[in-house]
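Before any comments, here is the structure.
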Amino acid sequence: MRHLIYLLVSCLLVFAHASLADDFTKPLPADVRVIIDISGSMKKTDPENLRKPAVDLIVRLLPDNSKAGLWTFGQSVNMLVPHQVVDQNWRTQGAQKAVTINSVAMFTNIGAALEKATEDYAIPSTDYRRNIILLTDGVVDISKEAVVNLNERKRILTELLPRLKQADYRIHTIALSSDADQELMKKLSIATDGVFEVADTADELMKTFLRIFDQAVPAERVPLDENGFLVDASIQEFTALIFRRAEVPATIIIAPDGKEYGETDPKGNVNWYRTDKYDLITVQQPQVGQWKVKTDMAPGSRVTVVSNMQLVVQPLKSNLRSGQTLDLAYSFQENGKTIINGDFLGLLTGNALLAKVGSAEIEEIDLTRPAPADGIFQQELTGFDGQGEYDVSILIDGKTFKREYIHHLNITDSAFKLEKQVEENAGKKTWVYRLVADLEVVDVANTKVKAIIKNSKDNNLEQQLNIIGKEYWEFSFAPVQVARYEIVLQVEGAQIDGSPLTETIKADQFNFPDEVAVLSDEQPKSAAAASAASEPEAAAEPETEPEADSSNLWLFIGLGIGNLVVLVLGYMAYRLIAGKGSKEELAEIEKALADNPAAKKAASPNMPIDVADDNQMIPMSDTNSSSAPEMTMADDLMADNLFPLDNLEDPKDKS
């Protein structure tokens, strides 16, 4: 009976685990709300109105069963295409409406546009993943009064943004001008883990829109290169977006049987849409095998597929801080179920390609792993150490099929500004640091900063700082020990939208008093090591000297004993003669030292120097003791007194 119960429990656990795996890897279709600025300034920033073809392309690429809507805005907001489930009728209507985009409106009411496009924010969305794509070339502009515009900008950040984040919207923003409020747009995107892009010219608008579209509506791809792409038996449909170089008039695709297509062909299930820049080709029930593309392709070309066997990648973070890792989890699904067959999963090999935008260097990370029992491969991707944009490509080879997943990642800058300076007074140097929070990002009331000071002599300090003026943290210190110093600030807290905030800021690194002094201070250690190494040789030298005569040896021993006896008798006689008088004289000397601090300091030159002053700097003790890694200081130089009292936590307040 016990074995039967154990078997039933095991089966239930396996079933539950499998169910969790299916829930974990279930992809949600995209819900995309596109908001386009049509203010009059767009005549200058987008003179050829390239917003039209960019929006037209997005409309045509949206897959069935996704959800989308299109709005334009200036002073007021207009719904151009209703927000509803995408099908062919919706795409046709969207393409027709895209050509009506103009640049005639007054003002730039960004807040009203966001509110209009998200009127359903209070209704939880469990079936779709919500996204907003906002394009503008301006700033918040709803009035001729500057104070009104500033208050509206503040309202967007402090009221509207938290509400949209709570409703699980990702806000992707495109700034089409250096005059746009890029700081506002960046804050909207980073706070909601959306993508912020700058299209420096209207010509860049198409690829910028497409990059954000890829993030909002991730699609399964097959790798495309100069040899074409591989179609396997599980693929029911593919869509090839082929960008042509300017001098190339047309594109031809060649099926595995050698037949060429260059336009719509109903018999071959080929639907073709051509513009002066790209070809959009959809083929249903395509032939299995290697397809070729006959043209000079430009960057951005890709092939997406609809397949019974899907590579499912869990949504990835779009924004990371420098040094953070990207958590990757992916699996394969067949007819909506996660594949856990070990033989199938064991054939998979893969790698991730990390490329920083603007750099020719590509880092390759091997993803090949033993088959997981639940079918979900997991790995942390590292290597995002510098600020900027990265393209992450996931390539999986199943021997008879290939899949590709592309992700765009932004390594953001800090939510804090570090200010530092070195002050010098009467030959004494003081290092001063101030960490200023971005009040539109950081919830300073719920954020703490810890200062960590380390030096090469292992004399280290950690101290929590108090906020000053509700916007910054500040501390200063004056080192006294010759050493190399490193100052780090650790931030733990929250953003104004409630999301957690964690940063490690490397504030400074320097030698005190200078590099020459530090290097020379380290020389005695090397000299001592060399001396210790030579001691065996020195000990061997007496063996080479002539052996002393035994009679002389006994003479020396006798003289030594005699001198020792004389010294002992002399000391005893001195004690008998000096007596009480000597004790009284010694007491008077000690009393004089106690009454005169200067004399006491002169009598004890090795004591720590008291350098406390009105600013209560951070003096590090000048001790070279290797047996005491902690700081050795006088009472007034202990940790409670190392930092200014007005910007440190009082330990008593914590109780």
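The values are calculated or read from the model by the stated rules, or taken from the named source; none is laboratory data. Predicted model, so just to flag it, every value in this text is computed and none were measured. Counting neighbours? That spans all protein chains shown, and the Cβs are built from the backbone with ideal geometry, glycine included.
A few comments on the model shown:
- Within the range 225-232, not a single residue is of a type in the set (Val, Ile, Thr) and surrounded by fewer than 19 Cβ atoms within 10 Å (Cβ to Cβ).
- Residues of the range 364-378 that are under 25 Å from the mean Cα position of the chain (by Cα), buried (at least 17 other Cβ atoms within 10 Å of the Cβ) and not aromatic (Phe, Trp, Tyr): ILE365, LEU367, ILE376.
- Scanning the range 507-523 for residues that are among the aliphatic types (A, V, I, L, M) and in contact (Cβ under 8 Å) with a residue 24 or more places away in the chain yields ALA507, ALA517, VAL518.
- Pairs meeting the criteria (first residue in the range 78-103 and over 23 Å from THR45 (Cα atoms), second residue of a type in the set (D, E, K, R) and in a strand (DSSP E or B), beta carbons under 6 Å, at least 6 apart or on different chains) are VAL85/LYS67.
- Filtered residues of the range 187-206 (kept if in contact (Cβ under 8 Å) with a residue 24 or more places away in the chain and assigned to a helix (DSSP H, G or I)): LYS187, LEU188, SER189, ILE190, ALA191, ALA202, ASP203, LEU205, MET206
- Condition check for ALA451: within 30 Å of ALA517 (Cβ to Cβ) and either outside the structural domain of ASP193 (by TED's automatic domain parsing) or not in a strand (DSSP E or B) (or both): yes
- Positions within the range 481-506 being of a type in the set (A, V, I, L, M, F, W, C) and either free of Cβ contacts under 8 Å to residues at least 24 places away in the same chain or surrounded by 19 or more Cβ atoms within 10 Å (Cβ to Cβ) (or both), in sequence order: VAL482, ALA483, ILE487, LEU489, VAL491, ILE496, LEU501
- From the options ALA250, ALA255, ALA240, residue that is of a type in the set (Gly, Ala, Ser), more than 39 Å from the chain's Cα centre (by Cα) and under 24 Å from GLY398 (Cβ atoms): ALA255
- Within the option set GLU543, GLU515, being farther than 30 Å from SER189 by Cα, at pLDDT 85 or above and of a type outside the set (Phe, Trp, Tyr) holds for one residue only, GLU515.
- Subset of the range 313-363 (residues that are farther than 30 Å from LEU188 by Cβ and in contact with a helix residue (DSSP H, G or I) (Cβ under 6 Å, 6 or more places away or on another chain)): THR338
- Residues in the range 112-171 that are touching an Asp or Glu at 6+ places or on another chain (Cβ under 9 Å), free of Cβ contacts under 8 Å to residues at least 24 places away in the same chain and under 22 Å from ILE58 (Cβ atoms): there are none.
- Taking the range 251-350 as the region of interest, the strands (runs of 3 or more DSSP E) fully inside it that hold 3 or more residues being buried (at least 20 other Cβ atoms within 10 Å of the Cβ) are 278-284, 302-307, 309-313, 326-334.
- Selection within the range 401-440 - over 19 Å from LEU465 (Cβ atoms) and in a loop (DSSP other than H, G, I, E, B): PHE401, ASP413, ALA426, GLY427, GLU440
- Boolean, LEU164 is outside any strand (DSSP E or B), more than 21 Å from the chain's Cα centre (by Cα), at pLDDT 95 or above and of a type outside the set (S, T, N, Q): yes
- Qualifying residue in the range 390-399 (condition: in a strand (DSSP E or B), free of Cβ contacts under 8 Å to residues at least 40 places away in the same chain and not β-branched (Val, Ile, Thr)): yes
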